[in-house]
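The values are calculated or read from the model by the stated rules, or taken from the named source; none is laboratory data. From a predicted model like this one, the values you see are computed outputs, not experimental measurements. Positions of Cβ are generated from backbone atoms using ideal geometry, with glycine treated the same way; all protein chains shown enter the neighbour counts. Calculation scope for accessible area: heavy atoms of the full protein, side chains included, ligands and nucleic acids excluded. Shrake-Rupley method; radii C 1.70, N 1.55, O 1.52, S 1.80 Å.
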Amino acid sequence: MGKKPQKTKELLLAIAEASSTGDEMQQQPQPQPQPQTPRKRGRPRKIVETEEKKGQELAKEEEEEDTESQYQKAKTNDKEEEEEEEEEEEKDLAAGLFFYPAEPTSFVVSDAFEPDFPIIYVNTVFEIFTGYRAHEVLGRNCRFLQYRDPRAQRRHPLVDPFVASEIRRCLEEGVEFQGELLNFRKDGTPIVNRLRLKPIHDDDGIVTHIIGIQVFSEAKIDLNSVSYPVFKKTGDQKCDHSDAYSPISGQSPFSLHQELCGILQLSDEVLAHNILSRLTPRDVASIGSVCRRIRQLTKNEYLRKMVCQNTWGREVTGALELMTKKLGWGRLARELTTLEAVCWRNLTVGGAVEPSRCNFSACAAGNRLVLFGGEGVNMEPMDDTFVLNLDALNPEWRKISVKSSPPGRWGHTLSCLNGSWLVVFGGCGREGLLNDVFVLDLDAKQPTWKEVFGGTPPLPRSWHSSCTIGGSKLVISGGCTDAGVLLSDTHLLDLDAERPIWKEIPTSWAPPSRLGHSLSVYGKSKILMFGGLANSGHLRLRSGETYTLDLEDEPQWRQLECSAFTSMGSQSAVVPPPRLDHVAFSTPCGRIIIFGGSIAGMNSPSQLFLLDPSEEKPSWRTLNVPGQPPKFAWGHSTCVVGGTRVLVLGGHTEEWILNELHELCLASTQDSNTYL
């Protein structure tokens with residue numbers, strides 16, 4: 001099974017040291033380990049009393065009784081001192097381990113080497129607050145606290161399923177968890193558990209134990225008046241219906257309803273978790289008109305979040321969490337689906353990106369815009385890194401100090417991995433075209449660019465396109481070689497692997513070779529390619545074609561036959577003109593929006609086009625967006641932030657003015673009615 005567990009007190013001391021917020025913590029001396037039992041209990045020290053022998057073989061009976069009495073008294077006092085020391089030690093540990101040091105803190109230790117993380121230690125506070133004795137819980141997973149009855153086989157419906165799912169995910173991934181969860185004492189009394197889970201690693205970085213720090217408090221909830229925490233009790237609500245009989249069957253409409261719609265006899269929990277949560281946000285909004293009970297369920301925020309998470313994925317919904325605090329999941333899902341609130345806004349920021357440059361690459365890392373490299377005066381390749389923090393009160397561009405910067409370049413790509421890691425590939429440097437890979441952890445104390453060697457890399461190139469899949473896989477496609485040859489290959493590099501290796505994605509057919517095209521990710525593993533300057537016979541022409549590639553199973557490129565959508569309202573039937581170096585990005589709903597770039601003729605580069613590639617017959621739509629759009633927009637100077645904001649650097653002229661940003665808002669903001 002691996003290494004034997006460390007002793008409980010050593011684990012607690014390690015956690016207290018790791019979790020300390022800066023206050024010095026007085027650590028207690030560690031006693032010798034006791035391998036016989038998982039719980040540490042104080043053992044009285046052996047007291048040996050000696051008396052000088054005075055040559056007498058027998059002592060008086062009174063002296064023997066006094067000696068025995070003194071021994072018992074000393075033994076009792078010593079045991080009380082040991083127990084007091086242990087209680088004080090646990091209190092000291094609690095002060096450093098949790099963020100409620102004034103309240104009694106429960107400790108639970110689980111073995112990460114064993115299946116289902118069995119408990120190997122609980123302290124006295126746990127026993128007092130839960131009503132369970134140590135021998136009743138050792139060897140079990142701590143989820144039994146989610147059961148109201150000790151004999152129950154499933155968690156109580158009042159327990160938030162999202163929190164339970166998040167705990168399971170953190171345990172599986174070996175990361176820290178912190179949150180609140182409804183628990184139950186042994187007698188069924190509900191309590192609130194403010195829980196923190198902290199993984200403990202050995203010298204090899206392997207998780208050996210999980211420390212659970214719990215602060216229990218009374219749950220102000222009436223179990224007799226509600227049926228579910230997430231879903232109100234709607235099954236027993238009275239419905240308005242007529243007592244008149246049907247002229248066809250002779251039965252009342254309500255009787256017919258009960259016979260034909262047996263789904264309504266299911267419980268709220270089954271309806272919500274097993275049926276409604278598997279629908280798309282648009283379908284959930286539609287099914288809410290079926291009846292009063294379904295409508296009540298679909299209006300619940302927890303269900304709406306579950307629907308969005310199942311449809312869009314955990315990564316997308318995680319990025320949208322901040323917006324839901326303003327709008328709620330229901331409204332946010334509606335606005336992202338209908339794009340009813342989309343608008344252009346202007347944003348002025350401070351700082352400067354100097355020297356001036358063009359042909360740089362930028363991307364978003366959380367709420368930060370990152371810019372790297374570019375083409376300076378006299379085609380000088382730049383190698384500096386700038387950051388614009390949009391969370392700041394007055395955002396301004398700042399040059400960050402990095403170690404081991406990659407060689408200067410332009411015509412490269414810059415992508416973000418897992419929220420803070422940046423990856424640069426290719427481009428044109430002083431010595432010609434490049435095919436190297438560098439990564440940077442933006443959150444490190446001293447950000448350092450590190451080169452990644454991944455076996456045989458793709459051919460050196462520039463003006464290629466790239467995207468990231470699953471937060472760790474870099475995909476690059478096309479571009480141009482030193483000899484001016486256009487490329488059509490597609491390669492993948494998994495940067496999460498222990499030894500990243502470049503792999504060319506084999507396909508029986510590939511789109512014509514091109515540069516200046518775009519790659520957009522939708523549906524978790526699918527890529528959409530649009531536009532670019534492509535080979536067409538002996539010519540090179542701007543392209544308006546669309547291709548898709550699914551990286552799961554056997555990847556194969558296929559061309560989408562996209563028609564123009566005809567309808568009334570703000571959408572018209574116009575197919576996007578061919579273009580290159582344009583902007584293309586995915587919305588949380590999986591639809592693709594394109595605009596900008598280099599377009600022939602009198603077509604406006606600021607016109608927005610929308611495509612849903614998952615439709616059976618995909619159709620292009622145009623969006624008429626209020627506000628002042630940018631006159632020019634280029635792909636490598638546009639970033640998507642938080643899933644709802646698209647920031648275009650510059651855009652007034654063909655020159656990049658990096659202090660004047662245009663923002664395309666996909667959802668409402670607090671001052672969405674004001675266009676700056």
* Structure fact -> Of (1) within 23 Å of Ala600 (Cα to Cα); (2) surrounded by fewer than 20 Cβ atoms within 10 Å (Cβ to Cβ), Trp502 satisfies every one except (1)
* To do: Enumerate the pairs (first residue in segment 146-158 and among the aliphatic types (A, V, I, L, M); second residue anywhere and not in a loop (DSSP other than H, G, I, E, B)) with beta-carbon separation below 6 Å, excluding pairs fewer than 6 apart on the same chain, so at least 6 apart or on different chains.
  => Leu158/Leu182
* Options Glu375, Glu321, Glu340, Glu335: the member that is at negative phi and open to solvent by less than 10 Å² (accessible area, probe 1.4 Å) -> Glu335
* For residues that are over 15 Å from Cys142 (Cβ atoms), part of a loop (DSSP other than H, G, I, E, B), modelled with pLDDT under 90 and open to solvent by 50 Å² or more (accessible area, probe 1.4 Å), tally how many sit in segment 154-188. => 2
* From the list Leu487, Leu533, Leu492, Leu474, which residue is touching a Gly at 6+ places or on another chain (Cβ under 9 Å) and closer than 27 Å to Val452 by Cβ? -> Leu487
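Whether any residue in segment 378-386 is more than 19 Å from Lys473 (Cα to Cα), in a loop (DSSP other than H, G, I, E, B), open to solvent by less than 40 Å² (accessible area, probe 1.4 Å) and assigned by the TED database to the domain that holds Trp634 is what I want to check. It would help to see each step written out before you state the result.
We begin by selecting, within segment 378-386, every residue more than 19 Å from Lys473 (Cα to Cα); these are 378-386.
Filter again for in a loop (DSSP other than H, G, I, E, B), leaving 380.
When the remaining residues are screened for being open to solvent by less than 40 Å² (accessible area, probe 1.4 Å), the result is none.
No; the residues of segment 378-386 include none that is more than 19 Å from Lys473 (Cα to Cα), in a loop (DSSP other than H, G, I, E, B), open to solvent by less than 40 Å² (accessible area, probe 1.4 Å) and assigned by the TED database to the domain that holds Trp634.
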* To do: Kindly check whether there is at least one residue in segment 336-344 that is out of contact with any His (no Cβ under 6 Å at 6 or more places or on another chain), assigned to a helix (DSSP H, G or I) and of a type in the set (A, V, I, L, M, F, W, C).
  => yes
* Could you tell me whether any residue of segment 325-332 is in contact with a helix residue (DSSP H, G or I) (Cβ under 8 Å, 6 or more places away or on another chain), open to solvent by 20 Å² or more (accessible area, probe 1.4 Å) and of a type in the set (Gly, Ala, Ser)? => no
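Restricting attention to segment 463-485, which residues are over 16 Å from Gly635 (Cα atoms) and either open to solvent by less than 10 Å² (accessible area, probe 1.4 Å) or in a loop (DSSP other than H, G, I, E, B) (or both)?
Once the filter is applied, which keeps residues that are over 16 Å from Gly635 (Cα atoms) and either open to solvent by less than 10 Å² (accessible area, probe 1.4 Å) or in a loop (DSSP other than H, G, I, E, B) (or both), segment 463-485 yields Gly470, Gly471, Ser472, Leu474, Val475, Thr481, Asp482, Ala483, Gly484, Val485.
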* Can Val423 be described as farther than 16 Å from Gly471 by Cβ, among the aliphatic types (A, V, I, L, M) and surrounded by 18 or more Cβ atoms within 10 Å (Cβ to Cβ)? -> no
* Restricting attention to segment 191-204, does a residue exist that is open to solvent by 50 Å² or more (accessible area, probe 1.4 Å) and either under 21 Å from Pro104 (Cβ atoms) or among the polar types (S, T, N, Q) (or both)? -> no
* **Exclusive hit being out of contact with any helix residue (DSSP H, G or I) (no Cβ under 7 Å at 6 or more places or on another chain) and in a loop (DSSP other than H, G, I, E, B), set Ser405, Ser415** => Ser405
* If we scan segment 122-137, do we find a residue that is under 27 Å from Ala272 (Cβ atoms), out of contact with any Cys (no Cβ under 9 Å at 6 or more places or on another chain) and free of Cβ contacts under 8 Å to residues at least 24 places away in the same chain? -> no
* Determine, yes or no, whether Leu459 is without any contact (Cβ under 8 Å) to a residue 24 or more places away in the chain and open to solvent by 50 Å² or more (accessible area, probe 1.4 Å). => no
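Could you list, in sequence order, all residues of segment 455-487 that are of a type in the set (Val, Ile, Thr) and under 26 Å from Lys526 (Cβ atoms)?
Thr468, Ile469, Val475, Ile476
Might you let me know whether segment 503-510 holds any residue that is of a type outside the set (Asp, Glu) and touching a residue at least 60 places away in the same chain (Cβ under 8 Å)?
Going residue by residue through segment 503-510, those that are of a type outside the set (Asp, Glu) are 503, 505-510.
Still in the running and touching a residue at least 60 places away in the same chain (Cβ under 8 Å): none.
No.
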* Phe126: modelled with pLDDT of 90 or more and in a loop (DSSP other than H, G, I, E, B), yes or no? -> no
* To do: Go through segment 347-362 and count every residue that is assigned to a strand (DSSP E or B), of a type outside the set (Gly, Ala, Ser) and either surrounded by fewer than 15 Cβ atoms within 10 Å (Cβ to Cβ) or more than 31 Å from the chain's Cα centre (by Cα) (or both).
  => 2
* To do: Please state which one of Ala112, Ala94 is of a type in the set (Gly, Ala, Ser), open to solvent by less than 50 Å² (accessible area, probe 1.4 Å), within 31 Å of the chain's Cα centre (by Cα) and modelled with pLDDT of 70 or more.
  => Ala112
* Please give the number of the condition Val521 fails out of (1) of a type in the set (A, V, I, L, M); (2) modelled with pLDDT of 90 or more; (3) open to solvent by 50 Å² or more (accessible area, probe 1.4 Å). => (3)
* Might you let me know whether segment 541-560 holds any residue that is open to solvent by 20 Å² or more (accessible area, probe 1.4 Å) and hydroxyl-bearing (Ser, Thr, Tyr)? => no
* To do: Kindly list, by first and then second residue, each pair from a residue in segment 318-336 that is under 20 Å from Leu623 (Cα atoms) and in the same structural domain as Asn300 (by the TED database) to a residue that is open to solvent by 70 Å² or more (accessible area, probe 1.4 Å) and not in a helix (DSSP H, G or I), limited to pairs with Cβ atoms under 8 Å and residues at least 6 apart or on different chains.
  => Arg334/Glu340
